[in-house]
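Have a look at the structure below before the remarks.
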């Protein structure tokens with residue numbers, strides 16, 4: 001993990017982060033990303049939501065990220081919810097993912113959260129594997145249904 005720095009998204013990193021975010025959300029348009037990042041990446045809201053990025057020392061291009069938000073959970077109280085994990089490295093993304101997982105625990109502690117809920121698409125992904133190694137366990141099923149605005153309910 002040496003040589004990797006985890007930090008909150010800085011406003012000047014928003015455009016640079018776009019190609020990395022497209023790894024998690026391939027069809028994402030730049031305009032949509034800029035609007036979303038400016039809202040969720042607002043430094044004044046870091047205690048509620050944000051984006052954590054990983055950088056290699058002395059490099060400007062982020063190589064990893066996750067989005068997070070604090071959530072009041074009926075069973076667990078304050079909970080950290082994290083999703084859209086991306087770790088990119090030409091040779092070995094594992095150290096980047098390790099840095100993200102370590103920072104996830106630190107962030108939950110800093111925010112006073114009692115639990116972490118991680119959302120990872122693809123049960124065999126590198127993110128799911130590393131999170132499982134770090135003690136994260138399946139806690140149910142996540143279902144998804146797109147809703148057409150103005151459409152008829154099913």
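I need the shape label for the chain. Rule: rounded when a/c is under 1.5, else prolate if a/b > b/c, else oblate, with a, b, c from the alpha carbon gyration tensor. Before the final figure, lay out each step's value.
Numbers: a/c = 1.38, a/b = 1.15, b/c = 1.20.
Rounded, since a/c falls under 1.5.
What is the extension gain from residue 149 to residue 115, computed as 0.36 nm multiplied by their sequence separation minus the C-alpha to C-alpha distance, in nm to one decimal?
Result: 8.9 nm gained on full extension.
To the nearest 0.05, what FRET efficiency results for residue 36 and residue 133 with a Förster distance of 25 Å applied to their C-beta separation?
0.25
Could you work out the relative contact order of the chain? I mean the mean sequence separation of Cα pairs under 8 Å and 6+ apart, divided by the number of residues, in percent.
20 percent
With a Förster radius of 22 Å, plug the Cβ-Cβ distance of residue 102 and residue 47 into 1/(1 + (r/R0)^6) and report the FRET value to the nearest 0.05. Before the final figure, lay out the partial values.
Numbers: r = 20 Å, r/R0 = 0.90.
Using R0 = 22 Å, I get an efficiency of 0.65.
Distance in nm between label sites at residue 18 and residue 78, each 7 Å beyond Cα in the beta-carbon direction?
3.5 nm
How high is the FRET efficiency from residue 142 to residue 10, r the C-beta distance, R0 30 Å, rounded to 0.05?
0.45
Bear in mind that the values in this text are calculations on the coordinates, not laboratory data. Everything quoted here is computed from the prediction, not taken from an experiment. All Cβ positions, glycine included, derive from the backbone under ideal geometry; neighbour counts span all protein chains shown.
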